[in-house]
Amino acid sequence: MKLIFKNLIKRPGRTAALLLLSVFLAFSVFGGTMTVLSLRRGLESLEARLGADVIAVPDKAKNKLEDILLQGVPGYFYMDKENVEKIAQTEGVEAVSPQYFLASVSAGCCSVPVQIIGFEPSTDFSVQPWIKQSYGKELQNDEVVAGANINAEVGEHLRFYDQSVKVAAKLDKTGTELDNAVYTNADTLKDLLGAAVDKGLVVLAKNDPDKLVSSVLIKVKDGYSAEDVASDISVNIRHVSAVNTKNMVSGIARSLSGISDMTGLMIIAVWMLSLIVMAIAFSMIINERKREFAVLRVIGATRGRLAATVLGEAFFIGLIGGAIGVLAGALAVFPFSGLIEAKLGLPYLTPSFGASMGAAGAAVLSSVIAGPLTSALSAVRVSRMDTGLILREGN
Amino acid sequence: MILKAEGMSRRFFRKNGGANFFYAVQKTDFTLEAGKLCVIMGRSGSGKSTFLNMLAGLLEPSEGRVMLDNTDIYAMDDKSLSRMRNKNIGVIPQGQTALSSLTVLENVKLPYLLYNKPSEKIDKYAAELIETVGISTLGNSYPNELSGGENRRLAIARALLMQPGILLADEPTGDLDDENTKKVLELLKNAAQNGTAVLLVTHENDAANFADSLYKMDGGVLSQIK
Amino acid sequence: MKTSKVTPTDIILPILSALLALGAVFLFHACPAKEDGSFMSCHWAQETVFGLGCVMTVISGLHAGADSRRMKTGISLSMIPVEIYTALVPGCVVKLCAMKNMRCHTAMRPAVVIISILLLITSAVDIYIGSKREGGKNEADI
């Protein structure tokens with residue numbers, strides 16, 4: 001046991017090179033797994049957060065809705081408020097909740113426009129269930145519910161069109177573009193709209209929230225298919241087209257499974273490559289150390305003991321390298337999750353603590369297994385070698 | 001303790017020919033007795049190292065047996081043979097044989113620590129041994145800081161640590177100057193006088209003066225001179 | 001005069017400091033200027049980090065060049081508050097942008113915090129090395 005550590009410490013170059021390999025291995029396994037898990041969780045949370053089975057929007061606004069929900073491009077479109085009633089009466093519809101979209105030109109300091117969504121607190125079933133932290137009071141005028149990406153805590157103020165609003169509640173992180181939105185009630189929205197018109201955005205003046213809505217979120221009764229209800233609405237209500245949310249996220253699901261497969265392949269490739277390199281490295285090292293092992297035999301070490309020494313060294317290299325690799329991976333994956341999300345352009349939500357620990361465990365395990373696995377052949381060779389012949393070779 | 005070779009031989013296959021082999025050691029009977037220093041002289045390549053390795057249980061003979069006090073050592077399994085060698089046979093192999101990641105003292109104690117927990121007794125004995133072989137000041141040095149002679153003496157101390165009944169030394173004086181050669185030979189002679197059966201294999205003539213019995217190895221054939 | 005032995009911290013400190021200064025400008029810079037050319041507040045956080053990084057590069061250069069172990073320990077001690085302050089610059093000392101998915105939040109802040117913490121650990125290790133060396137070395141000095 002002591003000999004194993006002494007061997008590792010007294011050969012820093014060799015140990016470092018092998019460590020580096022197993023660090024690399026654990027890092028890529030951990031990083032890859034975390035990315036796939038995050039994407040999967042992002043998709044799940046997107047599905048959950050859309051909340052509605054069907055979303056009804058004005059004709060031709062379907063693509064714009066996807067832009068808003070999936071690409072994070074703020075926008076707006078409107079239809080007659082009467083449609084809400086018509087939709088509610090469609091067969092198979094259990095609940096409806098209208099939303100009104102408004103895009104800010106700039107939020108406070110920043111050049112990025114923010115999507116402002118007006119909702120009806122009384123009928124809403126897609127925003128309020130996700131409030132993470134709030135006053136515990138009903139939403140007042142000039143108060144907003146902020147998505148997780150809005151850099152303001154509850155009680156702080158935000159400015160839109162020079163109108164100050166208070167953050168009354170914050171939503172849970174979804175890892176999707178919904179994190180960038182701000183939700184208000186109808187009155188606050190009217191105030192903001194007024195402020196926008198005052199600032200010269202006269203085009204918005206005709207979009208009276210009392211007469212218009214942007215979208216209607218629809219919950220489908222049990223026993224009805226969202227697909228049927230959506231087509232029913234599209235066919236029967238003029239100028240309205242309805243989208244089955246399942247279909248909307250299916251595009252994302254497809255690219256996600258593509259990325260999952262790629263990452264999986266990459267992990268396997270890295271693993272195989274590391275295994276091969278490590279196996280070669282171990283067998284070279286063993287060749288170089290033949291004499292050392294022969295001496296151990298001379299003083300009475302069994303064949304098993306030699307094999308155990310080789311396997312033990314490999315095991316500790318795997319264990320230590322795995323731990324370092326996961327640590328380095330964690331430093332990349334957790335603090336920079338926002339950057340990864342932005343680069344991937346897909347819903348991305350860091351997995352729960354448990355799932356992350358699972359991924360970390362799997363990564364350490366993969367490198368711990370890699371050590372003995374790759375040195376097994378060398379260990380067998382060491383234990384089989386003919387001591388007498390090696391000692392002769394030495395001279 | 002008595003180590004006996006009965007009809008022992010070893011042949012090797014030549015690398016380039018299938019059935020083409022040669023005898024490194026011809027069929028030989030040989031006895032190594034307690035308290036005696038036995039010297040085998042021979043040129044390099046004469047088969048003397050092969051002979052020694054077979055006696056040490058490190059190289060299985062092609063024919064014949066090696067008996068240690070009536071036990072056929074090659075009939076034992078690896079575990080018991082290793083254990084037996086650890087306890088009863090001290091081997092001083094050719095060349096530099098210390099483990100480079102351990103200090104001199106750790107190297108000397110290694111045979112004990114393979115099968116036992118560290119103890120103060122063994123620390124003391126190991127310290128005495130390196131004193132005896134004259135490298136006591138180097139206890140905490142590493143083997144690569146030692147000269148050839150010092151390394152050889154380390155190997156002797158290591159071989160003596162378990163107070164084995166048999167001591168087998170393969171060219172222990174190779175590459176050493178006269179003074180060191182004399183020291184090493186005296187150490188081996190002392191061991192024999194203390195009751196150990198010592199076999200010394202060498203190509204140097206100086207050793208003959210210390211021998212209780214003297215053999216000559218030539219082309220794998222062993223013949224007694226004294 | 002005795003020159004104390006070069007420790008790994010002599011090399012790691014300036015490298016990390018320089019990484020902080022250069023990285024703030026080239027690698028993990030804050031959000032770009034607005035279309036009208038004006039900067040958002042996170043830009044000033046970047047400038048502050050750049051300045052602090054430069055200062056720390058100079059100080060850790062002095063650390064590497066110092067020939068007494070005691071002086072090195074002193075420099076390391078003095079770097080600790082600077083390192084803590086640097087970690088706090090993006091977000092706490094200087095406000096960042098309103099959206100957390102913007103560059104200053106996703107790239108600059110975590111990078112600055114991580115490098116600052118690594119610097120902090122390195123300084124702490126250096127002080128530890130100093131306290132160990134000091135004990136043994138004094139006797140040798142006499």
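Projection of the Cα convex hull of the stretch A:279-395, averaged over all directions and equal to a quarter of that hull's surface, yields 9.5 nm².
The string of couplings for the stretch A:182-196 from the Karplus curve (6.51, -1.76, 1.60, θ = phi - 60°) is 10, 10, 9, 8, 4, 5, 4, 4, 4, 4, 5, 4, x, 4, 5 Hz, one whole number per residue in order, with x for Gly and Pro. Taking one quarter of the surface of the convex hull spanned by the alpha-carbon atoms of the stretch A:60-238 gives a direction-averaged projected area of 10.4 nm².
Net length available on complete extension from A:Ser225 to A:Ala186 is 10.9 nm, with 0.36 nm assigned per residue and the Cα-Cα distance removed.
Neighbour counts of other Cβ atoms within 10 Å put C:Met102, A:Met262 in the fewest-to-most order A:Met262, C:Met102. Computed from the Cβ-Cβ distance with R0 of 30 Å, the FRET efficiency linking A:Lys6 to B:Ala75 stands at 0.25. Other protein chain C-beta atoms within 10 Å of residue C-beta, averaged over B:85-96: 4. Mind checking which lysines have their C-alpha under 28 Å from B:Lys226, skipping anything on the same chain fewer than 8 residues away? The reachable lysines, counting only those whose Cα sits under 28 Å from B:Lys226, are B:Lys4, B:Lys27, B:Lys36, B:Lys48, B:Lys182, B:Lys183, B:Lys189, B:Lys216. Take the Cα pairs of the stretch C:1-109, get the Kirkwood Rh, then feed it into Stokes-Einstein at 20 °C and 1.002 mPa s and tell me D in µm²/s. In µm²/s, the coefficient is 143.
Out of B:Lys109, B:Lys121, B:Lys182, any idea which swings most in a Gaussian network model of chain B, alpha carbons joined below 10 Å? Comparing B:Lys109, B:Lys121, B:Lys182 in the GNM, the peak value goes to B:Lys121.
Taking every Cα-Cα distance in chain B and sorting them into 10 Å bins starting at zero, the pair-distance distribution P(r) comes out as 8, 33, 36, 19, 4, 0 percent. Remark: spin-label model distance A:Ala17-B:Ile2 equals 5.3 nm, labels positioned 7 Å along the Cα→Cβ axis. The A:Leu273 and A:Ser250 beta-carbon pair, evaluated with R₀ = 25 Å, returns a calculated FRET efficiency of approximately 0.15. Among C:Val89, B:Asn205, C:Met99, whose Cα projects farthest towards the positive end of the dipole of the protein assembly as shown, with charges put on the beta-carbon of Lys, Arg (+1) and Asp, Glu (-1)? Result: B:Asn205, furthest along the dipole toward the positive end. Taking a point 7 Å from the Cα of A:Ile280 along the Cα-to-Cβ direction, the residues of the stretch A:355-371 with backbone N closer than 19 Å to it are A:370-371. Partner shielding of C:112-118 amounts to 1, given as the average count of beta-carbon atoms from other chains within 10 Å of each residue beta-carbon. Volume per residue for the stretch B:12-62 equals 96 cubic angstrom (convex hull of Cα atoms). Note on chain B: with a GNM built from Cα contacts shorter than 10 Å, the maximum mean-square fluctuation among B:Thr173, B:Thr132, B:Thr196 falls on B:Thr132. Once the dipole of the protein assembly as shown is set up with Lys and Arg at +1 and Asp and Glu at -1 on Cβ about the Cα centre, which of C:Trp44, B:Gln96, A:Ala56 lies farthest towards its positive end? Going by the Cα projections, it comes out as B:Gln96. Per residue of peptide B:113-120, the mean number of Cβ atoms on other chains within 10 Å of the residue Cβ is 2. Note on C:Ala33/A:Leu373: beta-carbon distance plugged into 1/(1 + (r/R0)^6) with R0 of 30 Å gives a FRET efficiency of 0.05.
Note on the protein assembly as shown: dipole from Cβ charges, positive end direction compared against B:Gly174, A:Val96, A:Ile299; the farthest Cα belongs to B:Gly174. Where does the protein assembly as shown land at 222 nm, in deg cm²/dmol rounded to the nearest 500, when only DSSP H runs of n ≥ 4 count, each adding -39500 (n - 2.57), divided by all residues? After summing the helix terms and dividing by residue count, I get -17000 deg cm²/dmol. In a reduced charge model with +1 at each Lys and Arg Cβ and -1 at each Asp and Glu Cβ, the stretch B:90-133 shows a dipole moment near 140 debye about its Cα centre.
Annotation: for a label point projected 7 angstrom from Cα along Cα→Cβ of A:Glu138, residues of the stretch A:155-174 with backbone N closer than 17 Å are A:168-169. Which of A:Leu43, A:Leu331, A:Leu20 ends up with the largest GNM mean-square fluctuation for chain A, with Cα atoms connected below 10 Å? The residue with the greatest mean-square fluctuation here is A:Leu331. Chain A has equivalent-ellipsoid semi-axes of 63, 22, 15 Å, by the square roots of 5 times the alpha carbon gyration tensor eigenvalues, sorted largest first.
Evaluated with a Cβ-only charge set (Lys, Arg +1; Asp, Glu -1), chain A carries a dipole of roughly 3180 debye about its Cα centre, given to the nearest 20. Would you mind checking the stretch A:252-290 for residues with the amide N under 17 Å from a putative spin-label position 7 Å along Cα→C-beta of A:Val73? Backbone N within reach: A:252. The magnitude of the dipole of the protein assembly as shown, with charges of +1 and -1 set on the Cβ of Lys/Arg and Asp/Glu and taken from the Cα centre, is near 2820 debye. Scanning chain B for DSSP H helices at least 20 Å long along the axis (C-alpha atoms) with a Kyte-Doolittle mean no lower than -1.0 picks out B:178-193. Above 46 Å lies some portion of the pair distances; for the protein assembly as shown, what is it as a whole percent of all C-alpha pairs? Taking all Cα-Cα pairs of the protein assembly as shown, the fraction more than 46 Å apart is 49 percent.
Each value in this text was obtained by applying a stated rule to the coordinates, not by laboratory testing. Keep in mind it's a predicted model, so treat the numbers as computed, not measured. Methodologically, a virtual Cβ is constructed for each residue, glycine included, from the backbone with ideal geometry; neighbour enumeration extends over all protein chains shown.
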